[in-house]
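Written out below as structure tokens is the structure these notes cover.
The values are calculated or read from the model by the stated rules, or taken from the named source; none is laboratory data. What you see is a predicted model; the values in this text were computed from it and never measured. In this analysis, Cβ positions are derived from the backbone assuming ideal geometry, glycine residues included, and neighbour counts consider all displayed protein chains.
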Amino acid sequence: MAPHASAPLAAVVGGAVAGDEDAWRHLVARFTPALHRVARGFRLGPHDIDDVVQITWSRAFCQIRRLREPEAIGAWLLVTARRESLRLLQRSVPELLTGEPVGEEHSDHDGPETKLLAAERRTAVRKAVGRLPERQRRVLHAELAKPGSSSAELSTALGMPVGSIGPTRVRGMDRLRADSELEAAVTA
């Protein structure tokens with residue numbers, strides 16, 4: 001393992017690709033602690049952490065020849081460990097199977113309270129849109145009036161270039177997200 005300690009990472013990866021067991025030992029010793037930290041960051045149990053690390057190294061063994069930039073193996077390993085941690089977490093989420101999907105006509109949320117809250121939220125959104133600068137307000141009002149309109153349709157209706165519809169929408173939505181009055185109304 002000593003010859004690899006001072007070798008550039010790309011050379012160590014090259015050795016691993018060529019089947020050098022010492023190169024693999026060096027990679028495992030160098031990166032396994034970081035892989036453990038990544039899996040622990042997902043609050044996995046000790047056995048699950050070990051599984052994530054083992055799967056990550058197994059994938060590395062199978063995929064190492066495909067690395068275009070051998071010196072990026074550390075980042076590749078960390079991303080792989082994150083993905084495996086997420087997969088493991090998703091597998092533990094129970095699925096609840098039901099006989100038939102509940103449609104809008106069968107919803108339990110059609111009571112007067114729900115309708116009142118929805119109306120209050122719509123009013124709060126319209127007021128917040130009204131506080132936006134004119135161009136942003138015009139674009140968002142047009143979208144609220146005709147949901148699903150294309151940029152070309154909005155461009156024609158508003159007399160704005162098609163290319164400015166999207167950026168204007170984004171700026172308006174960013175301002176709405178930052179609007180504390182709207183946030184208070186929507187989360188209430």
Item checked: Scope segment 145-168; condition under 27 Å from the mean Cα position of the chain (by Cα), in a loop (DSSP other than H, G, I, E, B) and surrounded by 14 or more Cβ atoms within 10 Å (Cβ to Cβ); matching residues -> S149
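Suppose we filter T123, T114, T98 for residues that are of a type in the set (S, T, Y) and at pLDDT 80 or above; which single one remains?
T123
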